[in-house]
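First up is the structure itself, then whatever we jot down about it.
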């Protein structure tokens, strides 16, 4: 394979920048542009040399160069990393010198892709790399690190071993039919497949929490104009993110921001006030509000408790009747004209909280209610594997389906070699997850998500 190079740190002004190079000609290229202080370059595995990157007689930058010799490197190829100053001009200049002397610009994720193709990591671990980079919370980062450490790979390896043991027994029963061991083999296969199915069901069960850890919740704040939606958003974010005035209809588009509750990422969306209006622009915002509320995992419906319930409030409460929602009675710092019973007469079985967005009262109760509703306190990943990847979940679901097919085939006294077809399908799905039998298109699609230099 060709020698590749890329800037691995984010472009911008920083203390250091890293230019990474990997491939057979890696050391030859660096020797042309690096002049060590010792006068002689010392290429020893896992060592760092101090010196200058030069272009002819011109010093480009003062650098440290790390050397990693195949196969003991991230890609299993010869590698070097140039630690330069972090300016965009300097890093680009060093990159250009590497390209000029024989390296090729790496594609996004190509270093990790080579680590996968060269067998140092499997596909689950490669996907964990991008998940770590993109992690929005500490819990998501922890789940990704466990996958990078091979927790999922190890689970799948154990399942694969059980399947291979089954296939050995089946092969023996097919090769030696005179011993009449097919019934014994079928019973043994049934017990083992039930064991495998149980392993897979336990893995699938973790995805509900895994999805929360990775994708979080989408929460829409809805209410009539001036109910306090934007004020609530500002209090939650602890900054003046949304415009708040005494005039109705100030918010005409959505405002989206991320927060964390107990380590779970939350996308919180302030929407336009819902009411009847003749204003064409406001109508667009109101329709958008309703669409977002329909797609949200949770709705926070905010009611101005200092005013009598009107038709717009009633429509909002009827709208959330069949949805997961929390009702907020806002402006309780003023004389209240709406009670909890007024709300319960319209919509039942909804959590109702009293708050004052102006005085920042009751805000913590909202966080506690969301955490309790989704059992955030039960999401622990310190000692267990959590599936966070949709691709993995789909493959596990397919494997569970194939285990059921195996069991049904045995119960229907199907020939043992027919049962083998379903067992091999389970093996194939394991290969899809780890990358042993996945298509090139899927591999390319996965690595497209990576940034340059990783």
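Normalised by the number of residues in the range 4-106, the mean separation of alpha-carbon contacts (under 8 Å, six or more apart) gives a relative contact order of 37 percent.
A simple spin-label model places pseudo-atoms 7 Å from Cα toward Cβ; at residue 295 and residue 418 they are separated by 4.7 nm.
Working from Cα pairs under 8 Å separated by at least six residues, relative contact order for the chain is 16 percent.
Report the per residue volume, in Å³, of the convex hull enclosing the C-alpha atoms of the range 4-106.
Working: hull volume 8.9 nm³, N = 103.
In the range 4-106, the Cα convex hull volume per residue is 87 Å³.
For q values of 0.14, 0.25, 0.31 Å⁻¹, compute log₁₀ I(q)/I(0) with the Debye formula on a Cα-only model of the range 40-82, without solvent. Treating every Cα as an identical point scatterer, log10 I(q)/I(0) equals -0.36, -0.83, -1.02.
Just for the chain, what percent of DSSP beta bridges are antiparallel, to the closest 5?
So the antiparallel bridges in the chain amount to around 65 percent.
Go ahead and run the numbers for FRET between residue 337 and residue 262, Cβ-Cβ distance against an R0 of 41 Å, rounding to 0.05.
Numbers: r = 34 Å, r/R0 = 0.84.
It comes to 0.75.
The Cα-based radius of gyration of the range 80-159, divided by its Kirkwood radius, gives an Rg/Rh of 1.11.
Two numbers describe the Cα atoms of the range 356-448: Rg and Dmax, which are 22.1, 73 Å. Compactness of the chain is given as radius of gyration and Dmax, 29.6, 90 Å, from Cα positions.
Since every read-out is calculated from the coordinates, none of them should be taken as a lab result. None of the values given here were measured: they were computed from a predicted structure. So basically every Cβ, Gly included, is an ideal-geometry build from the backbone, and we count neighbours across all protein chains shown.
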